[in-house]
Amino acid sequence: MVKVAPSILSADFCNLERDIRRVSSADWLHVDVMDGMFVPNLTIGVPVVESIRRHTDMFLDVHLMIDKPARFIQQFAKAGADLLSVHLEADHPAHIADALRAMEDCGVKKAVALRPITSASAVLPYLGQVDMVLVMTVEPGFGGQKFMEHQLDTIREVRALIDKYDPSCQLEVDGGVGPANAQTVIDAGATVLVAGSAVYGAEDPAAAIAALRG
Ligand code: DX5
Ligand code: ZN
C-alpha cells in the first residue's frame, strides 16, 4: 500500500507538536528544509529536526532543498532524520556522491530528488545505491502550488527505470498532491505521496490521509 507523508510546511509552527500529533496516522512525516539559495524560501534547520525527534517516533523523511547538501548530512542524521533527500541539481555529481556516502556512514536512508526540469534518466547512476527517488511535481520552494500534470511522464519514466534496475527503491512524489489526483499519481508508479496543504488544509487530517491512500 502507498505511504502517505504529510509535509509540516503547512503546519502551524507555533503548534508543531499538536500538528504532528494530528497526522500521527500517516506513515512518514515530511520535513522541508530550505536555505534561501537553492530555493527562494527559508524554512527550518537542524535544531527544529532535533526537537521534532524528541516529540515523535514517526519516520522523519527530511527533504533537503539546500545548496551543497554534503555539508549538512551528518548534522541532520544526528538530529534524528531517518531518510535524507538531496537534490541532484544542488551540487556537482562528485559532491552528491559524497553526500550519499555520508548518509551511508551515518546509517540513514538515502534519496535523490529531481526538480521538474531534470529528466528521469538523471537517476540512472544512483539506482542500486539509493533507497528512494523523489520526483517534484511543483517547483520546490512553497507549499500549496498546483500539480504539474506533465510530471506524470517523469514519474512513469522513473518507475520504469526503478522496475528495471532497482525494484525495491521507493518513488516519492511531492507537490500539489491531493485526493483528486492521488490515484493517478499512484497509477503512474508512486509508492510515497507527500501532501502538505491537502492534509493540513482539511478539516479532518486523518480522513484526508486515509483518502490519499485510496
Ligand atoms: C515544496 C515542498 C513540498 C510541499 C508540498 O517545495 O517540497 O513538500 O510542502 O506541499 P503541497 O502538498 O501543499 O504542495
Ligand atoms: Zn518536500
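The values are calculated or read from the model by the stated rules, or taken from the named source; none is laboratory data. All of these numbers come straight from a predicted model, not from anything done at the bench. Virtual Cβ from ideal backbone geometry, glycine too; neighbours counted across all protein chains shown. All accessible areas refer to the heavy atoms of the entire protein, side chains included, with ligands and DNA or RNA removed. Shrake-Rupley method; radii C 1.70, N 1.55, O 1.52, S 1.80 Å.
List of remarks:
- Every pair of residues 6+ apart whose Cβ atoms lie under 7 Å, when the first sits in region 122-133 and is among the charged types (D, E, K, R) while the second is open to solvent by less than 30 Å² (accessible area, probe 1.4 Å): 131/83; 131/110; 131/111; 131/169
- Top-ranked residue in region 57-73 [being outside any strand (DSSP E or B) and in contact with an Asp or Glu (Cβ under 8 Å, 6 or more places away or on another chain); ranked as surrounded by the most Cβ atoms within 10 Å (Cβ to Cβ)]: 69
- Among residues of region 38-47, those that are outside any strand (DSSP E or B) and open to solvent by 50 Å² or more (accessible area, probe 1.4 Å), counted: 2
- Number of residues in region 48-69 that are within 16 Å of ligand 2 (Cβ to nearest atom) and under 15 Å from residue 82 (Cα atoms) equals 10.
- Complete set of residues in region 74-96 that are surrounded by fewer than 21 Cβ atoms within 10 Å (Cβ to Cβ) and either hydroxyl-bearing (Ser, Thr, Tyr) or under 26 Å from residue 137 (Cβ atoms) (or both): 82, 88, 89, 91, 92, 93, 95
- Residues in region 89-126 that are closer than 24 Å to residue 184 by Cβ and either within 16 Å of ligand 2 (Cβ to nearest atom) or of a type in the set (A, V, I, L, M, F, W, C) (or both): 111, 112, 113, 114, 115, 116, 117, 118, 120, 122, 123.
- Taken together, the criteria exclude residue 149 from residues that are closer than 21 Å to residue 31 by Cα and open to solvent by 20 Å² or more (accessible area, probe 1.4 Å).
- Residue count for region 138-187 satisfying the condition of being under 20 Å from residue 212 (Cα atoms), away from ligand 2 (no atom under 16 Å from the Cβ) and of a type in the set (Asp, Glu): 2.
- Across region 1-37, the number of residues qualifying as assigned to a loop (DSSP other than H, G, I, E, B), of a type in the set (S, T, N, Q) and open to solvent by less than 20 Å² (accessible area, probe 1.4 Å) comes to 0.
- Test for residue 185: is it under 16 Å from the mean Cα position of the chain (by Cα), under 20 Å from residue 83 (Cβ atoms), in a loop (DSSP other than H, G, I, E, B) and free of Cβ contacts under 8 Å to residues at least 60 places away in the same chain: no
- Listed by first and then second residue, the pairs with beta-carbon distance under 8 Å, at least 6 apart or on different chains, first residue in region 42-63 and within 16 Å of residue 27 (Cβ to Cβ), second polar (S, T, N, Q) and not in a strand (DSSP E or B), are 56/24; 58/24.
- For residue 99: the one exception among (1) in contact with a strand residue (DSSP E or B) (Cβ under 9 Å, 6 or more places away or on another chain); (2) open to solvent by 20 Å² or more (accessible area, probe 1.4 Å); (3) part of a helix (DSSP H, G or I): (2)
- Residue match in region 154-167 (condition: buried (at least 20 other Cβ atoms within 10 Å of the Cβ) and part of a loop (DSSP other than H, G, I, E, B)): no
- Picking from residues in region 108-143 that are of a type in the set (A, V, I, L, M, F, W, C) and within 13 Å of ligand 1 (Cβ to nearest atom), the one that is nearest to the chain's Cα centre (by Cα) is 134.
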